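A.B. asks: I have a structure I would like to understand better, so I am pasting it below and will then ask my questions one at a time.
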Amino acid sequence: MINLAERRAASGPVIQMAGVNKWYGEFHVLKNINLEVRSGERVVVCGPSGSGKSTMIRCINRLEEHQKGRIVVDGIELIADLKQIDAVRREIGMVFQHFNLFPHMTVLENLTLAPMWVRNTPRKEAEDAAMAYLERVKIPEQAHKFPGQLSGGQQQRVAIARSLCMKPKIMLFDEPTSALDPEMIKEVLDVMIELAQGGMTMICVTHEMGFARTVADSMVFMDGGEIVEKAPPTEFFKNPKSERTKLFLSQILH
Amino acid sequence: MAEPTPSLAPARPPTGPRVWNNPRARAIIYQVLVLGGVIGAAAYLIDNTLTNLAERSIRSGFSFIWHEAGFAISEALIDYQPNHSYVRAFIAGLLNTLKVGLLGIVLVTILGIIIGIARLSTNWLVARLASVYVETFRNVPLLLQLYLWYSLLTEMLPGGRDALSLFTAFYLNKSGLMYPVPVYDGIHPFMIVAFLIGCVGAYAWGRYATRRHEATGVPTPRFWPSVGFVLGLPLVVWLIGGAPTAIDVPQMERFRFVGGWHVSIEFIALLLGLVVYTGAFVAETVRAGILSVSRGQTEAALSLGLRRGLVLRLVLLPQALRVIMPPLTSQYLNLMKNSSLAVAIGYPDLVAVANTTLNQTGQAIEAIAVIMAVYLTISLAISGFMNWYNKRVALVER
Ligand SMILES: Nc1ncnc2c1ncn2[C@@H]1O[C@H](COP(=O)(O)OP(=O)(O)OP(=O)(O)O)[C@@H](O)[C@H]1O
Ligand SMILES: [Mg+2]
């Protein structure tokens, strides 16, 4: 028998999606998705609205269930097993378009909730760690406020810090800046850039192409439920192979 | 020494704004006027009434409550006989009101939660049945439903000896439900004390569990230890007391049942009517509360690795409860107040007793004053408690 650590090391990519398909009733939302993400890789996913970007990354932490194909995260396959699913979710942080902070808890309580109940961290320790992450996202002074008292940009930074408190190996972002006013987008992107430079494995759905150029190791373009193209950003922006990518880029860059 | 005066334009003579143009003064003036009007109207009404009563030589005042009531009450929680005083009759009626009201509140909460959740079920049949229930009972007047339950029960149930029986211990017939109770034993009061101590113990355990979790990080179980305190302690006392098992089971004698305890068919019909009717509203309240918490909250909590039970307990319920509590309060108040419809089917609640009193003494104003005072007190107590609870859990918004 090989132990888990060896298996992980041997398995190479930290996320593997192979032949993943998903349907909503008749509607084929994910068509034969194949995607591998190495540890430390930063992937930016883009594509027109309704192309299945959210659905794809939500399959990675099982907020959505795929019906065909395999998804293996950090050596753990996502199957219908609650233990396995929880194990995967502990390794993955997720940031949502609408922040989804818990409005009945202070910022600090938002941050310490999961460490205390999932990782069994004593409160004091969890709070110290939480304060350190709040420093990193540059809002330690907001620790005792409630989410409703913060601006959108501050809320999103709290949401990022909340995920980081679980010390995830992978971070998923689903359009983290598209619900923000323009002047707040930068403060969130700055935090994400810093995170990327720290070596975090990231998959980020975004249309912030400046951000993509700065941090992405690879760009993924989706359309109609398929991955049309995956390429390093220089290649992706300079000479996209597919006509659909060209069209999309021409629309979004002008 | 005179300071050099800055050269300003000469001020207008200091008449200042007029008093009635000052918003604060204006508010005070209005309030005084309104208060004066109310007091004046009340004084006129009271004076008028007293004069009229005196002219027709109708007695007024509350001294009558010490007189002998002279009427029977079909069921009472305290010892009451027709030769007891009116005040005792009122208390018996009040206790009957509280009995049906408090039991109703407990049952309606349970029923409402179950139906409310059932309406959200992904199981088509369950969800449909729940909505049919809600739509039916919410839209039929309560008085009608009470008549329906009452006639249904009195028409359909067998009479006397032919009572429906369950485990040959519970009997249901036209006159009500007979059920077994333990024979009184000296240990029972101690068991009640043990139960109360158990409740305190469970509360203390909850606080200890939180502290231990915070200090060591180990989530400490709460549910089963609390159950242990609340139920286990009385059980231990019972065992120490020699575990008396004598039970007073209702039994059929020649013409009637003897032994056990009994609730009347009027009580059952009233309770059923109130719970089924109010339950439909509570179910809607619960459903709205659960729906008010966005799907994103669950997703965020799950993506942090929290198990489903914890998501419900730590994230969803606290938020849903905030939305549920205020309308739930008014449903509790409705149930309490609607219990006064008891008079329609002959359950001797406070209103029924007051009604009889009114007819016998002619002191309508006093009898109605008693009813109003009592319902006002009950309602204020319920809403006071709920407001206190609400304030404790209120959301802080920008
Ligand atoms: N629960 C659902 N039931 C049915 N169809 C759904 C459901 N969720 C999503 N879809 C459909 O699946 C398709 C992909 O949705 P998805 O949210 O993944 O798109 P997206 O690429 O993230 O789009 P956007 O840029 O607008 O966020 C859409 O056409 C959407 O209407
Ligand atoms: Mg999306």
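The values are calculated or read from the model by the stated rules, or taken from the named source; none is laboratory data. Remember, it's a predicted structure, so these values are computed and weren't measured experimentally. Please note: Cβ atoms are built from the backbone with ideal geometry, for glycine as well, and neighbour counts cover all protein chains shown. Protein only, heavy atoms only, side chains kept; ligands, DNA and RNA dropped before computing areas. Shrake-Rupley method; radii C 1.70, N 1.55, O 1.52, S 1.80 Å.
Table: residues versus (1) buried (at least 16 other Cβ atoms within 10 Å of the Cβ); (2) under 28 Å from B:GLN331 (Cβ atoms).
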site: B:TRP124; (1), (2): no, yes
site: B:VAL134; (1), (2): yes, yes
site: B:PRO141; (1), (2): no, yes
site: B:LEU146; (1), (2): yes, yes
site: B:LEU157; (1), (2): yes, no
site: B:GLY160; (1), (2): no, no
site: B:THR168; (1), (2): no, no
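A.B. asks: Among (1) open to solvent by less than 10 Å² (accessible area, probe 1.4 Å); (2) within 11 Å of chain B (Cβ to nearest Cβ); (3) in a helix (DSSP H, G or I), there is one condition A:GLY93 misses while meeting the rest; what is its number?
C.D. replies: (3)
A.B. asks: Assuming B:LEU376 fulfils every condition listed in (1) away from every other protein chain (no Cβ under 12 Å); (2) touching a residue at least 40 places away in the same chain (Cβ under 8 Å); (3) in a helix (DSSP H, G or I) apart from one, which condition is it?
C.D. replies: (2)
A.B. asks: Enumerate the pairs (first residue in segment A:94-112 and over 23 Å from A:GLU125 (Cα atoms); second residue anywhere and in a strand (DSSP E or B) and more than 16 Å from ligand 2 (Cβ to nearest atom)) with beta-carbon separation below 9 Å, excluding pairs fewer than 6 apart on the same chain, so at least 6 apart or on different chains.
C.D. replies: Matching pairs, first to second residue: A:VAL95/A:MET171.
A.B. asks: OK, next. So how many residues does segment A:56-72 have that are in contact (Cβ under 8 Å) with a residue 40 or more places away in the chain and either open to solvent by 20 Å² or more (accessible area, probe 1.4 Å) or more than 13 Å from every other protein chain (Cβ to nearest Cβ) (or both)?
C.D. replies: Of all residues in segment A:56-72, those in contact (Cβ under 8 Å) with a residue 40 or more places away in the chain come to A:56-61, A:64-72.
The next check asks that each one be either open to solvent by 20 Å² or more (accessible area, probe 1.4 Å) or more than 13 Å from every other protein chain (Cβ to nearest Cβ) (or both); those that pass are A:56, A:58, A:64-72.
The number of residues fulfilling the criteria is 11.
A.B. asks: Which condition number in (1) of a type in the set (Val, Ile, Thr); (2) buried (at least 19 other Cβ atoms within 10 Å of the Cβ); (3) over 18 Å from B:ILE110 (Cα atoms) is the one that B:THR245 fails?
C.D. replies: Just one mismatch for B:THR245, condition (2).
A.B. asks: Restricting attention to segment A:155-178, does a residue exist that is open to solvent by 40 Å² or more (accessible area, probe 1.4 Å) and within 16 Å of ligand 1 (Cβ to nearest atom)? I'd like the intermediate steps shown before the answer.
C.D. replies: Filtering segment A:155-178 for residues open to solvent by 40 Å² or more (accessible area, probe 1.4 Å) gives A:167, A:169, A:175, A:178.
Next cut, within 16 Å of ligand 1 (Cβ to nearest atom) only: A:175, A:178.
Yes, there is a match, as at least one residue in segment A:155-178 is open to solvent by 40 Å² or more (accessible area, probe 1.4 Å) and within 16 Å of ligand 1 (Cβ to nearest atom).
A.B. asks: OK, next. Where in segment A:199-254 are the helices (runs of 4 or more DSSP H), entirely inside, with at least 1 residues that are touching a residue at least 24 places away in the same chain (Cβ under 8 Å) and within 16 Å of ligand 1 (Cβ to nearest atom)?
C.D. replies: Qualifying helices (runs of 4 or more DSSP H): A:209-215, A:243-252.
A.B. asks: Moving to a separate point now. Somewhere in segment B:278-285, is a residue open to solvent by 60 Å² or more (accessible area, probe 1.4 Å) and part of a helix (DSSP H, G or I)?
C.D. replies: no
A.B. asks: Got at least one residue in segment B:109-116 being in a helix (DSSP H, G or I), within 20 Å of B:ILE371 (Cα to Cα) and open to solvent by 50 Å² or more (accessible area, probe 1.4 Å)?
C.D. replies: No; the residues of segment B:109-116 include none that is in a helix (DSSP H, G or I), within 20 Å of B:ILE371 (Cα to Cα) and open to solvent by 50 Å² or more (accessible area, probe 1.4 Å).
A.B. asks: Restricting to segment B:361-373, name every residue that is in contact with a helix residue (DSSP H, G or I) (Cβ under 9 Å, 6 or more places away or on another chain) and either under 22 Å from B:ARG56 (Cα atoms) or not in a helix (DSSP H, G or I) (or both).
C.D. replies: Hits for segment B:361-373 are B:THR361, B:GLN363, B:ALA364, B:ILE365, B:GLU366, B:ALA367, B:ILE368.
A.B. asks: In addition: Is it the case that A:VAL158 is closer than 20 Å to A:PRO103 by Cα, out of contact with any His (no Cβ under 8 Å at 6 or more places or on another chain) and more than 14 Å from chain B (Cβ to nearest Cβ)?
C.D. replies: Here the answer is no, as A:VAL158 does not meet what is asked.
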